[in-house]
Amino acid sequence: MPKVSVLMPVYNGQKYLHQAMESILTQTFGDFEFLIIDDGSKDDSLKIIESYQDPRIKLHQNEENLGLVATLNRGLKLAQGEYIARMDCDDISSKARLAQQVEFLDQFPHISLVGSSVQIIDTDDNLGIILNMPTSHALIKWSLQFYCPIMHPTVMFRKQQILELNGYSSEIILGREKYSGEDYDLWRRLSNVSNLGNLPETLLYLRKHQSNTTKIYFDEHIKNSIMICQAVIADILDQEINADLVKLIFARDFSNPQDCFAACNLIYNSYQKFVKKYSLSHADQIAIKHDCARQILSVSRHNLLDFRCLMFMLLSAYLDPKWILMKLWDQKFYAKVFNRIRNNLKSA
């Protein structure tokens, strides 16, 4: 039995497939099977995979195109490893990725999943920005209210605990679309029963191009993300949450002062309930308080002529005065606030 199963679905991925496979086959950690599932590709993906003679490669083919969720769930059942590492056929893993993640999960048995930071690359392998993910479980769980704080192709998780959650859910798929935010939903469910983590190191180069599923199914991705954010906030507050308000928070669209005030109030109420509901270290308390300040500021600055929104902006300064002062010295931020006030005056 291998220690790790690297699970990589492939659908028409010929352009970057060779680089993705080489990045796994040249890992410093060698005790793994490379489980590749071709989901009915119509290009030369299958030929590229079959050209490799490495015995660690275990190739399976879907009889028809099943989509990402069904293919991933098939992979969960086929995987023989104790740990499963996800990989996409257009990304590149650092050579030490598997070694570092195995060491982390071996050292911390109470953590079920570990991801990492990523660096963006384009179609020509040019390096872009580094996306640093929150590392502690508490900050990850808090951040789930606003975005997905774990990059899917970076993760390694304990297979048994994911199987106990019945794997990736197809229930949140809207209509017949193939992209559903299946990872975001799984992290939400897993965070309720176990701990999650991210390594601060950059262990994956995430490729951005026009064929990314988030671009092809962008509208469906946003709709499902809003549904998941709504569920996370409802879990924290122990009450149903208005989906329209969550949509406004997600889109940062606050032309109406009442909506702006309601969103600030919801974020602050969630913060108060979160710090009471969960056992947090001092460092996590500070980090979550500061992030709450930034979330409130990003909303309240849209309607500073409204007294209630202005009060929330002052509250954000109270929660994290150092960061707010730094932002006020930022000329771009100051210009944005000034323009927002000017536009509010014109429309008043």
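The values are calculated or read from the model by the stated rules, or taken from the named source; none is laboratory data. A quick note: this is a predicted structure, and the numbers were derived from the prediction, not measured. Neighbour counts are summed over all protein chains in view; Cβ atoms, including those assigned to glycine, are modelled from backbone coordinates with ideal geometry. Quick note on the areas: whole protein, heavy atoms, side chains included, nothing else; ligands and nucleic acids left out. Shrake-Rupley method; radii C 1.70, N 1.55, O 1.52, S 1.80 Å.
Based on Cβ point charges of +1 for Lys and Arg and -1 for Asp and Glu, what charge dipole magnitude is obtained for the chain about its Cα centre, in debye rounded to the nearest 20?
Working: 38 positive and 40 negative charges, 290 e Å.
Approximately 1400 debye in magnitude.
Net charge of the neighbourhood of residue 277, taken over other residues with C-beta under 11 Å away and scored Lys/Arg +1, Asp/Glu -1, is +1. Of the three principal axes defined by the Cα atoms of the stretch 76-148, the extents in descending order read 38, 32, 23 Å. Once you have a ≥ b ≥ c as the square roots of the Cα gyration tensor eigenvalues for the stretch 1-48, tell me rounded if a/c is under 1.5, and otherwise prolate or oblate according to whether a/b is larger than b/c. Oblate is the answer for the stretch 1-48, as a/c is 1.5 or above yet b/c matches or exceeds a/b.
Tally Lys/Arg at +1 and Asp/Glu at -1 over every other residue whose Cβ is under 12 Å from the Cβ of residue 52; what's the total?
Details: positive: 47, 56, 58; negative: 22, 50, 54.
My count for the surroundings of residue 52 gives 0.
Checking the table 15/141; 95/208; 223/273 against a 29 Å threshold on Cα-Cα, which pairs fail? Intermediate values should be presented prior to the final figure.
Working: 15/141 36 Å; 95/208 20 Å; 223/273 26 Å.
With Cα atoms farther than 29 Å apart: 15/141.
Rounded, prolate or oblate: which fits the stretch 1-86 when a ≥ b ≥ c are the square roots of the eigenvalues of the alpha-carbon gyration tensor, with rounded for a/c under 1.5 and prolate only if a/b beats b/c? In terms of gyration-tensor shape, oblate.
In this structure the amide hydrogen of residue 195, modeled in the peptide plane, comes within under 5 Å of the amide hydrogens of 112, none closer than 5 places in sequence on its chain.
Between helix 331-347 and the chain, what is the angle of the helix's C-alpha long axis to the longest principal axis, kept within 0 to 90° and rounded to the nearest 10? So the inclination is approximately 60 degrees. Relative to the dominant Cα principal axis of the chain, helix 14-25 is inclined by about 80°.
Please state the relative contact order of the chain as a whole percent: Cα pairs under 8 Å, 6+ residues apart?
Answer for the chain is 14 percent.
The accessible surface of the chain, taken with every protein chain in place and a 1.4 Å probe, is 53 percent carbon and sulfur. In terms of its alpha-carbon gyration tensor, the stretch 80-120 comes out prolate; a/c meets the 1.5 threshold, and the first ratio a/b outweighs b/c.
Per DSSP H run of at least 4 residues, take -39500 (n - 2.57); add these up for the chain, divide by its residues and hand me the 222 nm value, nearest 500 deg cm²/dmol.
Values: 15 runs with 174 residues, N = 348.
One gets -15500 deg cm²/dmol as the mean residue ellipticity at 222 nm.
Counting only chymotrypsin sites (Phe, Trp or Tyr not before Pro) that sit in a DSSP loop (anything but H, G, I, E, B) with at most 12 other Cβ atoms within 10 Å, what is the longest stretch of the chain containing none of them? By the stated rule (loop sites, at most 12 other Cβ atoms within 10 Å), 148-328.
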